[in-house]
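Coordinate-derived values only; no laboratory data. Note that the structure is predicted; figures quoted are calculated from it, not measured. Here the Cβ positions follow ideal geometry from the backbone for every residue, glycine too, while neighbour counts run over all protein chains shown.
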């Protein structure tokens, strides 16, 4: 009992340390305007938030400011992130700190939820290690800086999965309902959240829930989660203009062009980082040898399947694969757990990996911030063409679109 209390304390301290270090490092340039890699997406997102305030728009009439915008309302995902940002502007005044801090808080939420989920699936110490592996995944680490809704979506997906685990362990249907609600919002932000149903079914079967119950609970759960997305699509036109051939995805799947850009243009090590790779391989070996980790495999395969379907009408962006990070972090955590229980030199390796991982994550993605100074130069250049009263932020030459913003 005393040993369990000790492990519990160590685990809680470690999770707390992961979140504190993660938060502290992200204070670097937290007030910066949209910059660097994906500055166009940041600009577009921030424009919607600013328009809510400046034009006193309702939640259901978001508007971006691309120069070719011809409709009063943007065809976009549910603007929950933008609207929360606009509320922050109204309360605290206009500052880029607000959307970046919002992303960072959802990042902290993601770390905590990953730890809780892995704790339920394995043990407290492995859960604590998964918090560290998640926090310093280079891909997750980078997008937790950005003025984008994708980290919010990831946090909502994990919240849904966490509530569902509570449901299958307690059979309390309040948790079942609670799991559907954040999933509904996540799907409205990115439809990739649909992948979660394969892991949910797998968990139900592992907990002894029969197919008869599954055939009732899952369809109703899907309806609760899908209806808001369908309603939003019908209202805003989001995805409808690209969904006519949604199932003709095989031409993309066979040519693997989409997957080359998702998985090869940005090396897969971005998910966990080179420094964490030994722990990941050790964890994968341990799980395979002990015939465990089936849920993580199902999760990974489900993500790939959904990305294959979405490839027909989605652009290729590495942040689509953020939903791959939780199972990979859990596998790496299993490796860290084995190092902790092994010989002295292996435990020394564990400590070294823990110390180096934050440094490695920051070094790996630092180049994505290197062009931040272009914001002011580009704005001055655009001001020569467009009135100073226009809300111009960034001209992204690769896309040929001027983003009108502050």
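If you take the square roots of the eigenvalues of the alpha-carbon gyration tensor of the range 114-223 and sort them as a ≥ b ≥ c, do you get rounded (a/c under 1.5), prolate (a/b over b/c) or oblate?
Oblate.
Suppose the chain between residue 220 and residue 53 were pulled fully straight at 0.36 nm per residue; how much longer would it get relative to their current alpha carbon spacing?
This chain segment gains 56.4 nm when fully extended.
At a 10 angstrom cut-off on C-beta neighbours, averaged per residue, how do the peptides 158-170, 318-330 rank from highest to lowest?
The densest-packed peptide leads the list: 318-330, 158-170.
Below 8 Å, C-alpha to C-alpha, sequence gap of six or more: please give me the relative contact order for the range 116-237 in percent.
21 percent
Which residues among the range 107-147 fall inside the zone where the amide N is under 13 Å from a point 7 Å beyond the Cα of residue 206, along Cα→Cβ?
From the range 107-147, the list is 117-123.
Taking the mean number of other Cβ atoms within 10 Å as a proxy for protection, how do you rank 135-148, 290-303, 111-124 from highest to lowest? Kindly include the intermediate steps, with their values, before the conclusion.
Values: 135-148: 25.7, 290-303: 16.7, 111-124: 22.1.
Ranking, from highest mean packing down: 135-148, 111-124, 290-303.
Between residue 343 and residue 17, what FRET efficiency comes out of the Förster formula 1/(1 + (r/R0)^6) with R0 = 30 Å and r the beta carbon distance, rounded to 0.05? Working shown, then result.
Details: r = 24 Å, r/R0 = 0.81.
In this case the efficiency is close to 0.80.
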